[in-house]
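Scroll down for the structure; my scribbles are underneath it.
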Amino acid sequence: MKARLTVLGSGTSMGVPTIGCDCAVCRSSDPHDRRTRPSILIEYDGHVVLIDSTPDFREQAIRENIRRIDAVLYTHAHADHLLGIDDLRPLSFAHKPGKLPLYARPDSVDFIRNMFRYIFDADYKFGGLAQVELRPTNGTLDLFGAKFEPVSVIHGETEIDGFRFGSAAYLTDHSEVPETSFQKLQNLDILFLDALRHKPHPRHSTVENSLRIVERVRPKRAFFTHICHDLPHEATNASLPENVRLSYDGMKLDFEI
Ligand SMILES: [Zn+2]
Ligand SMILES: [Zn+2]
Ligand SMILES: [Zn+2]
């Protein structure tokens, strides 16, 4: 079935421009150098699945005119992937009397429930809560006729989820892709990878490391995300192989799911 992927945000945890920074990328007039926090939207067969709800979700949803969300998948519970939960409110109300399902690994579910206790504990007296419910994942999810398979990646000292869905895969926040996960990345049309910058980082991949992953996986096209202010869009793209590009906020890609 046909699907469309929209990059809601392509930036690292602090976003680009970064607060208080005067570097060339943070001061750039190229709109591709404005990167909100990392998230994608997948649309198919009238349904809309969001991967991660960032602190920029409200701005992203207004920019892309998002009118519905049927499910949210979380890669992990770091703030830059999570803090937009409260801004799911207007879209979550459409699910009443049901709730908008939020899918995450069991460890992330525990963290989210603790962090957003006022939403999940049912003793909050001030109303206006997001109508959401946490559902721990345990293997491949079938959402509205499409399969979303978790792909484990190593993020510093923790293991988190990427996802494979149809001919596309989205891996963000990885310092390492374990051997067992490579088997899930065969015959891809589109592969998203973390590429924070050139300089090594203990919890993130670099451009060079992600290029090595692309060489091994051989997707038709690869896109880098979770990008910091070290990488100017145009100049970096000019240095990459033809089938590899930096993603950017608002980028749209069609694929088969
Ligand atoms: Zn992150
Ligand atoms: Zn900067
Ligand atoms: Zn993270």
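None of the figures in this text is laboratory data; all of them are computed from the coordinates on show. Remember, predicted model here, so these are calculated numbers, not experimental data. Here Cβ is always computed from backbone atoms with ideal geometry, including for glycine, and neighbour counts include all displayed protein chains.
Work out how much length K99 to R245 would gain on full extension: take 0.36 nm times their residue separation and subtract the Cα-Cα distance, in nm to one decimal. Write down the numbers at each step before the final one.
Working: separation 146, 0.36 × 146 = 52.56 nm, distance 3.69 nm.
Answer, rounded to one decimal: 48.9 nm.
Which is the longest part of the chain that has none of the GluC sites (Glu not before Pro) sitting in a DSSP loop with at most 13 other Cβ atoms within 10 Å? Don't skip to the end; give the middle numbers.
Details: sites that count: E157, E242.
So the longest stretch without any such site is 1-156.
So which of K125/K147; K96/K220; K184/K252; K99/K147; K147/K199; K96/K184 end up more than 29 Å apart, counting from Cα to Cα?
Numbers: K125/K147 38 Å; K96/K220 41 Å; K184/K252 23 Å; K99/K147 21 Å; K147/K199 35 Å; K96/K184 36 Å.
Violating the 29 Å limit, Cα to Cα: K125/K147; K96/K220; K147/K199; K96/K184.
Across region 80-131, Cα pairs under 8 Å and at least six residues apart give a relative contact order of 57 percent.
Here the gap between D107 and D254, fully extended at 0.36 nm per residue and compared with their Cα-Cα distance, gives a gain of 49.7 nm.
Our summary gives region 1-119 a relative contact order of 22 percent, counting only alpha carbon pairs under 8 angstrom and 6 or more residues apart. Sparse packing (at most 15 other Cβ atoms within 10 Å of the Cβ) combined with a DSSP loop state is found for the following trypsin sites (Lys or Arg not before Pro) in region 58-95: R67, R68.
Of all the options G98, G84, G166, the one that moves most in a Gaussian network model of the chain with Cα springs shorter than 10 angstrom is G98.
Tell me, what is the FRET efficiency for R218 and F144 to the nearest 0.05, using R0 = 30 angstrom and their Cβ-Cβ distance as r?
Working: r = 29 Å, r/R0 = 0.98.
That gives a FRET efficiency of 0.55.
When only the Cβ of Lys, Arg, Asp and Glu is charged (+1, +1, -1, -1), the dipole of region 84-175 relative to its Cα centre reaches about 420 debye.
Distances between placed amide hydrogens fall under 5 Å for G156 paired with S175, E176, all partners being 5 or more residues away or on another chain.
So what is the relative contact order of the chain, in percent, for Cα pairs below 8 Å that sit 6 or more residues apart?
Details: 561 pairs, mean separation 55.0, N = 257.
It comes to 21 percent, rounded to a whole number.
Loop-located chymotrypsin sites (Phe, Trp or Tyr not before Pro) in region 100-138 (DSSP state not H, G, I, E or B) with no more than 13 neighbouring Cβ atoms inside 10 Å: Y124, F126. Extension gain, R117 to L129, is 3.2 nm, computed as 0.36 nm per intervening residue step minus the present C-alpha separation. Computed over the chain, the per-residue total of -39500 (n - 2.57) for DSSP H runs of n ≥ 4 gives a 222 nm mean residue ellipticity of -4500 deg cm²/dmol, rounded to 500. Placing R0 at 45 angstrom, the Cβ-Cβ distance between R27 and Q183 gives a FRET efficiency of 0.55 after rounding to 0.05. Quick check: the angle from helix 106-115's long axis to the longest principal axis of the chain, C-alpha only, nearest 10 degrees? With rounding to tens, the tilt is 70 degrees.
Here the Gaussian network model covers the chain, with springs between Cα atoms less than 10 Å apart; of I190, I160, I62, I62 fluctuates the most.
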